Amino acid sequence: MRTILLIEDEAAIADTVLYALKSEGFTTEWSRLGNEGIAWLRQHPLTALLILDVGLPDGNGFEFCKTIRRFSDI
């Protein structure tokens, strides 16, 4: 099964989302920072889905999305 990547800086939100996804049988990965998530995604190009927060401590989620779109169709 391919992995779902969650990029979310708030632990309480991440815990809830990850719990729900894992309860449904999904494999998940969590990054707290946009740049960390992008690095992970570059190393795992077969990631099935990305859930990206808009407001992150190291940048804007919309800008991270533009960066990701340069190397991925996720």
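The set of residues in the stretch 1-57 that are in a helix (DSSP H, G or I) and of a type in the set (Phe, Trp, Tyr) comprises Tyr19, Trp40. Can you name every residue in the stretch 30-71 that is closer than 17 Å to Ile4 by Cα and among the charged types (D, E, K, R)? Passing the criteria: Arg32, Glu36, Arg42, Asp53, Arg69. Selection of the stretch 55-74 for residues being over 11 Å from the mean Cα position of the chain (by Cα), under 14 Å from Glu8 (Cα atoms) and of a type outside the set (S, T, N, Q) yields Gly55, Leu56, Pro57, Asp58, Gly59, Phe62. Candidates in the stretch 57-74 are the residues that are touching a residue at least 24 places away in the same chain (Cβ under 8 Å) and among the aromatic types (Phe, Trp, Tyr); of these, the one that is surrounded by the most Cβ atoms within 10 Å (Cβ to Cβ) is Phe64.
Every residue, every condition in (1) over 9 Å from the mean Cα position of the chain (by Cα); (2) open to solvent by 50 Å² or more (accessible area, probe 1.4 Å); (3) polar (S, T, N, Q); (4) modelled with pLDDT of 95 or more, yes or no:
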| position | (1), (2), (3), (4) |
| --- | --- |
| Thr3 | yes, no, yes, yes |
| Asp15 | yes, yes, no, yes |
| Phe26 | yes, yes, no, yes |
| Arg32 | no, yes, no, yes |
| Leu50 | no, no, no, yes |
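The values are calculated or read from the model by the stated rules, or taken from the named source; none is laboratory data. Treat the numbers as computed from the prediction; the structure is a model and nothing was measured. Glycine gets a Cβ as well: all are built from the backbone with ideal geometry, and neighbour counts include every protein chain shown. Accessible surface is based on the protein model in full, side chains and every heavy atom, while ligands, DNA and RNA are left aside. Shrake-Rupley method; radii C 1.70, N 1.55, O 1.52, S 1.80 Å.
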